[in-house]
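Notes to accompany the following structure.
The values are calculated or read from the model by the stated rules, or taken from the named source; none is laboratory data. No experiment lies behind these values; they were computed from the predicted model shown. FYI the Cβ positions are ideal-geometry reconstructions off the backbone, even for glycines, and counts take in every protein chain you see.
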Amino acid sequence: MSEPLVEVRDLTVHFPVGPRRDHRVVRAVDGVSFSVARGETLGLVGESGCGKSTTGLALLRLVEPTSGQVHFDGTDVRALRRRELRGWRRRAAMIFQDPYASLDPRATVGDAVGEALDIHRLHQGRGLRRARIAELLERVGLHPDVADRYPHEFSGGQRQRVGIARALACEPDFIVADEPIAALDVSIQAQVMNLLAELQADLGLTFLFIAHDLAAVQHVSDRIAVMYLGRIVELADRDQLYRDPQHPYTRALLSAIPVPDPARERARERILLAGDVPSPMDVPSGCRFRTRCPVVVEACGRIDPALQDTGDGHEAACLLHGEVGTEVARSSHPDVS
C-alpha cells in the first residue's frame, strides 16, 4: 500500500444536548482512527446512526471535531485557519447522499457545478467557465446542453451525476462519498459505482466510501472499516473481511446480504441481532456491542476493547481475539473459539 494521504487519530465529535449544567453529549464519533492510502478506496460501513456520515463531515471540517487529529498529505487540517481552509478544500470534496436535497432547486445545473469555480476563482471568464462546466458534465456522462436546466428536470441518477461533477470541479485528490447510491434505484446504483471506479482509475482519486451495508462497498473498496456506535470495530482488506470476519457485528452484517442462489440462501446461517443500536447519549459500559452480541461474555461488560491486530493487518475490537482472547473465551463462554 502507498503512503497515507489521509491519517485520522482518535477523532471525536460530540454534540452537547440540553442545559450546559447537565454535561450531556451525543457521542456521534468517539475515538476513531484510520488511514487512507493515496489512490485507495476505504469503505466505511455500519447501521444508520453509527457515526459514519459525521466522520466524513469531520474530515472536511464541515462539522468541527471535538478532539483528535486529521492529517491530509502532511497538513494538520484541524490547525488550518479560515483562509487556509478554503484553499485546502480545493483538494478535498464531498458527494452527498441525497441528490434531491443537495442541489439548489433555484440554480441551474451549470451554476451548481460552476459554483466552486467561482469561489476559488478558477477559469475566469465566461467562456472558459462554460467550457469547464461542459467538460465536467461530459466527464460524468451528461450532455453539456443540460447546463441550463434545473434539478427538477432530472432523474435521481442524473442528479447524482451532477453532484459528482460538482465534486470534481476543483480537481480534488480526496473525495468523501457519503452513501452516494442510497437514494437511487437498484438499476442505477451499479452505474454510479462504475462511474466512481472509472474516475478513480483515470484521475487517481482517493475515496472514503460510506455505505450502510457491506454489499454496496464490496465492489468498490480496497479495504473496509466497520463502524458501530461511534467506533470502528473491524478494519481489514476487502477480501479478507468477507472471507474471515473477526467481529460478531461484521458477521451479522454479512449474514444479512442476500445470496442469489436459493439453495445457498436457505442453507446458510442467519445472525439476527436483538434490539436496536443504543443511544449515543447513553453508551453501554465495556464493549459497546455487548447489548446485542450473540457471543457476549462476562468480561464484555467491564472491558472496552481496542482495535488489535488479529493477523495480516486485520484488526478487530473484540475480547475474543488477541493475546487474552482465548483465555477469556474459554473461561467465560466455553463454546466460543
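Assess whether residue 77 counts as being surrounded by 20 or more Cβ atoms within 10 Å (Cβ to Cβ), within 29 Å of residue 162 (Cβ to Cβ) and either in contact with a helix residue (DSSP H, G or I) (Cβ under 9 Å, 6 or more places away or on another chain) or not assigned by TED's automatic domain parsing to the domain that holds residue 117 (or both).
So residue 77 passes the test.
Any residue in region 289-315 that's in the same structural domain as residue 278 (by TED's automatic domain parsing) and farther than 24 Å from residue 49 by Cα: show its pairings with residues that are hydrophobic (A, V, I, L, M, F, W, C) and at pLDDT 90 or above at Cβ separation under 6 Å, as long as the two are six or more apart or on different chains.
Every condition considered, the pairs that remain are 299/319; 310/316; 314/236.
Go through 156, 163 for me and flag whichever is closer than 17 Å to residue 116 by Cβ, in contact (Cβ under 8 Å) with a residue 12 or more places away in the chain and not assigned by TED's automatic domain parsing to the domain that holds residue 47.
Among 156, 163, only 163 is closer than 17 Å to residue 116 by Cβ, in contact (Cβ under 8 Å) with a residue 12 or more places away in the chain and not assigned by TED's automatic domain parsing to the domain that holds residue 47.
Pairs needed: first member in region 270-282, closer than 27 Å to residue 17 by Cα; second member anywhere, assigned to a loop (DSSP other than H, G, I, E, B) and charged (D, E, K, R); C-beta distance under 9 Å; at least 6 residues apart or different chains.
275/292; 276/47; 276/292; 277/47; 277/292; 278/288; 278/292
Of the residues 220, 277, which is at pLDDT below 90 and aliphatic (A, V, I, L, M)?
277
Per-residue answers, yes or no, for (1) in contact (Cβ under 8 Å) with a residue 40 or more places away in the chain; (2) over 30 Å from residue 35 (Cβ atoms); (3) not acidic (Asp, Glu):
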| position | (1), (2), (3) |
| --- | --- |
| 98 | yes, no, no |
| 107 | yes, yes, yes |
| 118 | no, yes, no |
| 135 | no, yes, no |
| 138 | no, yes, no |
| 146 | no, yes, yes |
| 150 | yes, yes, yes |
| 176 | yes, no, yes |
| 179 | yes, no, no |
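Can you give me the number of residues within region 90-109 that are modelled with pLDDT of 90 or more, surrounded by fewer than 19 Cβ atoms within 10 Å (Cβ to Cβ) and among the aliphatic types (A, V, I, L, M)?
Final tally of qualifying residues: 1.
For region 113-127, indicate whether the set of residues that are crowded, with 16+ Cβ neighbours inside 10 Å, more than 24 Å from the chain's Cα centre (by Cα) and part of a helix (DSSP H, G or I) is non-empty.
yes
Do we find that residue 54 is part of a helix (DSSP H, G or I) and assigned by TED's automatic domain parsing to the domain that holds residue 276 in this structure?
yes
So, in region 167-218, of the ones that are in contact with a Gly (Cβ under 9 Å, 6 or more places away or on another chain) and of a type in the set (Phe, Trp, Tyr), which residue ends up surrounded by the most Cβ atoms within 10 Å (Cβ to Cβ)?
Of everything passing the filter in region 167-218, 209 is surrounded by the most Cβ atoms within 10 Å (Cβ to Cβ).
Could you tell me whether any residue of region 289-309 is among the small types (Gly, Ala, Ser), in a loop (DSSP other than H, G, I, E, B) and at pLDDT 85 or above?
Checking region 289-309: at least one residue is among the small types (Gly, Ala, Ser), in a loop (DSSP other than H, G, I, E, B) and at pLDDT 85 or above.
Picking from 225, 236, which residue would you name as being buried (at least 17 other Cβ atoms within 10 Å of the Cβ), at pLDDT 95 or above, among the small types (Gly, Ala, Ser) and closer than 18 Å to residue 54 by Cβ?
Sole residue among the options that is buried (at least 17 other Cβ atoms within 10 Å of the Cβ), at pLDDT 95 or above, among the small types (Gly, Ala, Ser) and closer than 18 Å to residue 54 by Cβ: 225.
Just the residues that are within 11 Å of residue 95 (Cβ to Cβ) and assigned to a helix (DSSP H, G or I), please, taken from region 146-174.
Across region 146-174, the qualifying residues are 160, 161, 162, 163, 164, 165, 166, 167, 168.
Is one or more of the residues making up region 60-70 closer than 28 Å to residue 194 by Cα, part of a strand (DSSP E or B) and either aliphatic (A, V, I, L, M) or not assigned by TED's automatic domain parsing to the domain that holds residue 198 (or both)?
no
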